[in-house]
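Asks: Sharing a structure below in structure tokens format, with a few things to ask.
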Amino acid sequence: MTTVTIAANGVTGRMGRNQHLRRSLLAIREQGGVALADGRWIVPELILIGRDADRVRRLAEETGVARWSTDRDAVLSDPAVDVYFDATATASRADGVRAAIGAGKAVYCEKPLAPTAGEAAELAKLAEAAGVKTGIVADKLFLPGLRKLRRALDSGFFGRVLSVRCDFGYWVFEGQVEPSQRPSWNYRAEDGGGIVLDMFPHWQYVLEDLFGPIMSVLCHAVTHLPERVDEAGAAYAGTADDAAYALFALEGGTVASFTSSWATRVRRDELVEFHVDGTLGSAVAGLRSCHLQPRAATPRPTWNPDVPNPIDFRATWVDAPAIEPDENGFKLQWEAFLRHVAADEPFPHTLAQGARGALLADLALRSSAERRWIDVPAADA
Ligand SMILES: NC(=O)c1ccc[n+]([C@@H]2O[C@H](COP(=O)([O-])OP(=O)(O)OC[C@H]3O[C@@H](n4cnc5c(N)ncnc54)[C@H](O)[C@@H]3O)[C@@H](O)[C@H]2O)c1
């Protein structure tokens with residue numbers, strides 16, 4: 001058995017507690033660890049870090065984790081700590097990641113890596129210079145729906161991919177009547193909020209991992225709902241963008257058009273859907289499902305608004321079957337990262353990728369401010 005000791009910061013928050021602590025790290029411990037090909041098991045040991053002693057202690061008690069602390073730097077100075085994990089709010093990530101790299105720890109963190117592209121690039125460079133292993137969340141790629149989409153791509157199902165249309169979003173309550181279901185800092189630019197900074201790092205790895213390098217971006221970011229009410233019931237100004245309407249031009253000619261909105265009401269099957277059209281087939285992938293329509297089964301619509309539409313379009317798609325058992329996407333990525341740390345297995349989602357995600361967000365916001373297309377430099381430029 002190999003133990004990997006993880007100092008986990010920000011785990012009293014929404015993502016840290018639910019996705020990372022409960023559904024990933026504790027679930028991995030419950031299953032006995034992560035199995036390696038040579039028969040060894042990697043078992044994560046945890047130290048919980050947070051600012052509020054009461055909350056961290058309560059969380060440690062609830063989850064049966066023996067060690068917790070409010071002193072991040074003291075934990076980082078412990079030579080037994082292998083990995084620093086950060087799921088704190090976006091604005092505080094860079095500070096923790098920089099301290100962990102300085103202490104020579106491997107780093108795994110939530111996206112975005114930092115609120116600005118400059119800071120994110122600096123962290124990626126620091127990690128590379130220090131020679132520490134790094135990872136950043138790319139959870140969407142590990143979801144069942146996108147894994148089925150990747151299988152369709154790998155099997156040549158689409159022919160030439162013409163376009164990718166993404167519809168992401170749902171209504172996030174403003175807080176005046178119903179409480180908001182997301183933290184208020186998400187809606188304040190000064191606290192690292194904004195849908196572009198939140199979602200475009202996801203769009204970077206989804207597009208570039210599945211469809212190819214992004215060459216340029218055109219974005220219109222807006223704040224549809226500037227008045228919100230926070231967790232304490234106090235009114236505040238929504239200073240950050242809560243919707244973004246973007247086009248991406250990819251190498252090879254694929255055009256991606258992405259709507260991201262916290263001010264839209266859902267009438268689709270999932271909270272995010274990717275509609276891919278290719279010369280030989282199309283797909284609509286969500287978080288869990290992926291529907292396919294090959295060229296030879298494409299219906300032949302004709303435009304005639306004078307009669308009811310004769311085709312049941314939804315019925316003309318095939319539901320892609322699950323091949324692997326469904327697993328939590330965050331947990332799968334944690335397992336891959338633990339194998340990377342303990343057994344040197346390759347892991348592509350490094351802080352360099354995180355820096356590129358932050359760069360895309362930065363360029364999209366610049367495009368919006370300057371009302372023009374912006375070129376995205378090549379990854380190795
Ligand atoms: N991968 C995904 O799908 C996904 C989804 C939502 C959020 N996120 C990311 O996860 C991170 C956390 O988001 P959340 O929704 O859980 O937020 P949250 O507000 O619920 O939790 C944030 C956590 O950080 C702590 N924190 C806040 N400010 C801090 C500071 N200055 N120093 C130290 N700790 C601080 C809080 O106490 C809390 O534990 C964000 O960066 C967000 O972008 C990722």
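Conditions (1) in contact with a Phe, Trp or Tyr (Cβ under 9 Å, 6 or more places away or on another chain); (2) in a loop (DSSP other than H, G, I, E, B), marked per residue:
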residue	(1), (2)
Thr239	yes, yes
Ala249	yes, no
Gly252	yes, yes
Thr259	yes, no
Val266	yes, yes
Asp269	no, yes
Val284	yes, no
His291	yes, no
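Asks: Separate question: So, in region 188-197, of the ones that are surrounded by 22 or more Cβ atoms within 10 Å (Cβ to Cβ) and not small (Gly, Ala, Ser), which residue ends up nearest to Thr254 (Cα to Cα)?
Replies: Here the answer is Val196.
Asks: Further, regarding this structure: Just a yes or no: is a residue in region 99-107 closer than 22 Å to Gly329 by Cβ, in contact (Cβ under 8 Å) with a residue 60 or more places away in the chain and not aromatic (Phe, Trp, Tyr)? Reasoning before the result, please.
Replies: Taking region 99-107 as the starting set, the residues that turn out to be closer than 22 Å to Gly329 by Cβ are 106-107.
Going one step further and asking which of them are in contact (Cβ under 8 Å) with a residue 60 or more places away in the chain, we end up with 106-107.
Cutting the leftovers down to not aromatic (Phe, Trp, Tyr) gives us 106-107.
Yes; the residues of region 99-107 include at least one that is closer than 22 Å to Gly329 by Cβ, in contact (Cβ under 8 Å) with a residue 60 or more places away in the chain and not aromatic (Phe, Trp, Tyr).
Asks: Pick out the one residue from Ser69, Ser155 that is among the polar types (S, T, N, Q), more than 30 Å from Tyr236 (Cβ to Cβ) and within 16 Å of the ligand (Cβ to nearest atom).
Replies: Exactly one residue qualifies, and that residue is Ser69.
Asks: Taking the residues in region 161-187 that are open to solvent by 50 Å² or more (accessible area, probe 1.4 Å) and within 16 Å of the ligand (Cβ to nearest atom) as candidates, determine which candidate is farthest from Asp277 (Cα to Cα).
Replies: Checked region 161-187; the qualifying residue farthest from Asp277 (Cα to Cα) is Pro179.
Asks: Across region 305-326, what is the total count of residues that are assigned to a loop (DSSP other than H, G, I, E, B), free of Cβ contacts under 8 Å to residues at least 60 places away in the same chain and open to solvent by less than 70 Å² (accessible area, probe 1.4 Å)?
Replies: 2
Asks: Continuing with this model, one more query. Val75 is checked against (1) more than 16 Å from the ligand (Cβ to nearest atom); (2) aliphatic (A, V, I, L, M); (3) touching a residue at least 60 places away in the same chain (Cβ under 8 Å); (4) out of contact with any helix residue (DSSP H, G or I) (no Cβ under 8 Å at 6 or more places or on another chain) and fails just one. What number does that condition carry?
Replies: Answer for Val75: the failing condition is (1).
Asks: Being surrounded by fewer than 21 Cβ atoms within 10 Å (Cβ to Cβ) and under 23 Å from Val4 (Cα atoms) narrows it down to one residue among Ala138, Ala130; which is it?
Replies: On the way: Ala138 fails: surrounded by fewer than 21 Cβ atoms within 10 Å (Cβ to Cβ).
The match here is Ala130.
Asks: Can you run down the residue pairs with Cβ atoms below 9 Å, 6 or more apart or on separate chains, where the first is in region 256-273 and farther than 16 Å from Ala221 by Cβ and the partner is modelled with pLDDT of 95 or more and acidic (Asp, Glu)?
Replies: Arg268/Asp167; Val272/Asp167; Glu273/Asp167
Asks: So Pro112 ticks every box in (1) open to solvent by 60 Å² or more (accessible area, probe 1.4 Å); (2) within 13 Å of the ligand (Cβ to nearest atom) but one. Which box is left unticked?
Replies: Looking at each condition in turn, Pro112 falls short on (1).
Asks: Among the residues of region 78-88, what is the count of those that are open to solvent by 10 Å² or more (accessible area, probe 1.4 Å) and more than 13 Å from the ligand (Cβ to nearest atom)? Steps first, please.
Replies: So the first thing to find is which residues in region 78-88 are open to solvent by 10 Å² or more (accessible area, probe 1.4 Å), and the list is 78-80, 82, 87-88.
Next, only the ones that are more than 13 Å from the ligand (Cβ to nearest atom) stay: 78-80, 82.
Going through region 78-88 one residue at a time, the tally reaches 4.
Asks: Would you pick out the residues in region 8-45 that are among the hydrophobic types (A, V, I, L, M, F, W, C) and either within 15 Å of the ligand (Cβ to nearest atom) or assigned to a helix (DSSP H, G or I) (or both)? Step through it out loud before you land on a result.
Replies: Residues of region 8-45 among the hydrophobic types (A, V, I, L, M, F, W, C): 8, 11, 15, 21, 25-28, 34-37, 41-43.
The answer is Ala8, Val11, Met15, Leu21, Leu25, Leu26, Ala27, Ile28.
Asks: Is at least one residue of region 89-102 acidic (Asp, Glu) and open to solvent by less than 40 Å² (accessible area, probe 1.4 Å)? Show your work before the answer.
Replies: The initial filter retains those residues of region 89-102 that are acidic (Asp, Glu), namely 95.
Remaining after also requiring open to solvent by less than 40 Å² (accessible area, probe 1.4 Å): none.
So far as region 89-102 goes, no, none of its residues is acidic (Asp, Glu) and open to solvent by less than 40 Å² (accessible area, probe 1.4 Å).
The values are calculated or read from the model by the stated rules, or taken from the named source; none is laboratory data. The structure displayed is predicted, hence computed values, not measured ones. We place every Cβ from the backbone using ideal geometry, glycine too, and count neighbours over all the protein chains shown. With ligands, DNA and RNA removed, areas are computed over all heavy atoms of the protein, side chains included. Shrake-Rupley method; radii C 1.70, N 1.55, O 1.52, S 1.80 Å.
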